[in-house]
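Engineer: Once you've had a glance at the structure underneath, I'll fire off some questions.
Derivation of every value follows stated rules applied to the coordinates shown; laboratory data play no part. Not measured: the values here are computed from a predicted model. So basically every Cβ, Gly included, is an ideal-geometry build from the backbone, and we count neighbours across all protein chains shown.
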Amino acid sequence: MSNHCERLGLLPVAEALQTLLEAARPVMEAESIKLAESRGRVLAEAVLSGVDVPPLDNSAMDGYAVASGDLAAGKVQLPISQRIAAGQVGQLLEPGTAARIFTGAPMPPGADAVVMQEDTETDGNSVRIRTTVIPGMNVRNRGQDIAKGAVVLPAGRRLRPQDMGLLASVGIAKVKVWRQMKVAVISTGDELVEPGQQAGPGQIFNSNRYTLLGMLASLGMEVVDFGIIEDTPEATERALLQAAQEADCIISSGGVSVGEEDHVKNTVTRLGRLELWKLAIKPGKPLAFGYVGETPFMGLPGNPAAVFVTFAVLARPFLLKAQGASEWLAKTWRLKAGFDYHNRGARQEYLRCRLVSDGAGEWTIDIYPNQSSGVLASASWGDGFAIVPPRQQVKPGDLLEFLSYHELGL
């Protein structure tokens with residue numbers, strides 16, 4: 001299939017992605033920021049723990065702390081000698097007694113097990129144990145979550161809310177992260193007007209700009225927004241040169257096809273170099289990658305569904321690697337198709353789809369009825385992509401790769 005694509009002048013998706021990832025050069029400047037502001041940022045260095053978590057052996061249950069040896073002879077009734085709440089430190093456990101203890105409270109010296117309160121009965125100031133007790137029962141040992149000196153999170157981790165909580169649990173207040181990439185966004189096309197303006201005859205609202213702004217925000221990138229530029233070689237050159245000065249990467253929508261008014265591709269070639277163009281992907285064949293001077297440039301198609309697909313599949317992993325992330329490829333799952341479809345062409349298709357439950361706990365893939373590259377409703381309706389290789393005929397029940405929007409952070 002690769003040879004067939006080459007005869008058509010089309011680069012397979014896997015080869016295009018490999019080219020992009022090899023070209024990605026991570027930003028090298030780091031900064032220290034507050035933990036509370038770190039969601040989506042990429043760690044520039046590994047974080048080590050300066051403490052044990054938990055800091056002391058503690059109770060995993062509300063119940064009674066005991067010495068298991070006191071119960072070896074079958075004794076089941078123990079006097080209650082003390083009460084320990086979370087945040088308090090108990091006294092040495094008196095032999096032959098139990099300590100009332102609550103979840104998270106430190107174990108008193110001399111105790112080695114906790115009996116949950118559901119397995120006990122109280123009688124005044126004593127407790128009856130109604131279960132077999134073994135050492136370590138319902139006890140969370142010191143450092144069992146994180147040991148002092150251990151790597152909490154590695155360099156390159158793109159921080160999620162649970163990662164922020166984990167760092168907080170070892171007392172981290174600030175983290176060293178790579179600075180945010182600056183990505184210039186350029187919209188081309190004299191037919192475009194911004195939402196809120198009056199659309200004249202032959203004009204359409206600029207949806208691509210907002211799709212890209214949202215997708216870049218989901219990656220934690222800093223956007224340099226150039227808005228809509230005129231469809232002239234002069235305006236295109238001015239915008240690209242300015243973007244190359246202000247940003248780490250340039251992303252445009254439109255202007256990279258073969259029409260007489262598609263000036264972006266030719267201007268990039270004149271100002272720098274073009275390294276790939278025309279991919280075996282549907283939607284999104286006219287995708288360009290190159291450089292304006294030494295600033296990476298990615299020219300996405302003009303059709304709105306094609307912008308959504310090509311950004312998710314190709315631009316996103318390139319940008320994540322360039323941001324310094326250690327993981328940039330999204331996971332896919334093999335799920336059953338619930339539809340008939342025949343990909344008759346030489347391009348790999350990314351069908352906008354959603355998952356449907358059959359009521360018995362099994363999920364199948366359903367596709368939007370209109371897969372045109374101009375139909376953005378297909379992307380909003382769906383919750384992922386069904387990936388159909390070139391020339392493949394799909395029948396209900398066939399297994400397909402499913403790429404979830406959730407996995408893409410969308």
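Engineer: For region 343-410, rounded, prolate or oblate, judged on the Cα gyration tensor with a ≥ b ≥ c (square roots of eigenvalues), a/c < 1.5 rounded, else prolate if a/b > b/c? It would help to have the intermediate numbers written out before the result.
Structural biologist: On the way: a/c = 1.69, a/b = 1.14, b/c = 1.48.
Oblate shape, in that a/c is at least 1.5 and b/c is the bigger or equal ratio.
Engineer: Please compute the length gained on full extension between SER32 and LYS395, using 0.36 nm multiplied by the number of residues separating them and subtracting their Cα-Cα distance. Walk me through the intermediate numbers first.
Structural biologist: On the way: separation 363, 0.36 × 363 = 130.68 nm, distance 5.26 nm.
Taking 0.36 nm per residue and subtracting the Cα distance, the gain is 125.4 nm.
Engineer: A follow-up question, please. Mind checking which of TYR368, PRO195, VAL13 is farthest towards the positive end of the chain's charge dipole, using Cβ charges of +1 (Lys, Arg) and -1 (Asp, Glu) about the Cα centre?
Structural biologist: After comparing all options, I get VAL13.
Engineer: List residues of region 335-349, by number, whose backbone nitrogen lies under 19 Å from a label position 7 Å along Cα→C-beta of ASP358.
Structural biologist: Output list for this probe position: 335-341.
Engineer: I would also like to ask the following. How large is the charge dipole for region 333-404, taken about the Cα centre, if only the Cβ atoms of Lys, Arg (+1) and Asp, Glu (-1) carry charge, to the nearest 20 debye?
Structural biologist: Here region 333-404 has a charge dipole of around 280 debye.
Engineer: Residue separation times 0.36 nm, minus the C-alpha to C-alpha distance between ALA173 and SER68: what's the value? Let's see the in-between values first.
Structural biologist: Numbers: separation 105, 0.36 × 105 = 37.80 nm, distance 4.00 nm.
Residue separation times 0.36 nm, minus the Cα-Cα distance, leaves 33.8 nm.
Engineer: Project the alpha carbons of region 269-387 onto their principal axes and report the range along each, largest first, in whole Å.
Structural biologist: If we take the Cα atoms of region 269-387, the spans are 56, 33, 24 Å.
Engineer: Give a quick list of trypsin sites (Lys or Arg not before Pro) in region 218-283 that DSSP marks as loop, anything other than H, G, I, E or B, with at most 15 other Cβ atoms within 10 Å. Each step should come with its number before you reach the end.
Structural biologist: On the way: sites: ARG238, LYS265, ARG270, ARG273, LYS278; in loops: LYS278.
For trypsin sites (Lys or Arg not before Pro) across region 218-283 that sit outside H, G, I, E and B with at most 15 neighbouring Cβ atoms in 10 Å, the list is empty.
Engineer: Follow-up question, since we're still on this one. Would you mind computing, in nm to one decimal, how far apart the modelled labels at GLU22 and MET116 are, each placed 7 Å from Cα along Cα→Cβ?
Structural biologist: 5.7 nm
Engineer: First check a/c for region 58-140, with a ≥ b ≥ c the square roots of the eigenvalues of its C-alpha gyration tensor; if it is under 1.5, answer rounded, and if not, answer prolate when a/b is larger than b/c or oblate otherwise.
Structural biologist: Cα axes put region 58-140 in the rounded bin.
Engineer: I've got another one for you. Take every Cα-Cα distance within region 1-149, group them into 5 Å bins from 0 onward, and report for each bin the whole-number percent of pairs it holds.
Structural biologist: Bin by bin from 0 Å, the calculated values are 2, 8, 13, 13, 10, 6, 6, 5, 5, 5, 5, 5, 5, 4, 3, 2, 1, 0.
Engineer: Still on this structure, please answer the following. If a/c stays under 1.5 just call it rounded; otherwise compare a/b with b/c (prolate if a/b is bigger, oblate if not). Do that for the chain, with a ≥ b ≥ c from the square roots of the Cα gyration tensor eigenvalues.
Structural biologist: prolate
Engineer: Out of PRO79, ALA330, PHE289, whose Cα points farthest toward the positive end of the dipole of the chain (charges: +1 Lys, Arg; -1 Asp, Glu; placed on Cβ)?
Structural biologist: Toward the positive end, the furthest listed residue is PRO79.
Engineer: Let's see if you can work this out: charge +1 on each Lys and Arg Cβ, -1 on each Asp and Glu Cβ, no other charges. What is the dipole magnitude of region 92-216 about its Cα centre, in debye to the nearest 20?
Structural biologist: 640 debye
Engineer: Express as a percent, rounded to the nearest 5, the fraction of DSSP beta bridges in the chain (both residues included) that run antiparallel.
Structural biologist: Working: 57 of 83 bridges.
If we restrict to bridges inside the chain, about 70 percent are antiparallel.
Engineer: Next question. Please state the charge dipole magnitude for the chain, taken about the Cα centre, from unit charges on C-beta atoms (+1 on K and R, -1 on D and E), reported in debye and rounded to the nearest 20.
Structural biologist: In total the dipole reaches around 600 debye.
Engineer: Going highest first, how would you order 329-335, 225-231 by mean Cβ packing within 10 Å?
Structural biologist: Per-residue mean Cβ counts within 10 Å order the peptides as 225-231, 329-335.
Engineer: Label 7 Å along Cα→Cβ of ALA46; region 148-171 residues with amide nitrogen under 18 Å?
Structural biologist: 148-159, 167, 170
Engineer: Then there is this: Go through 129-138, 319-328 and give me the packing order, highest mean Cβ count within 10 Å leading.
Structural biologist: Sorting 129-138, 319-328 by mean packing, highest first, produces 319-328, 129-138.
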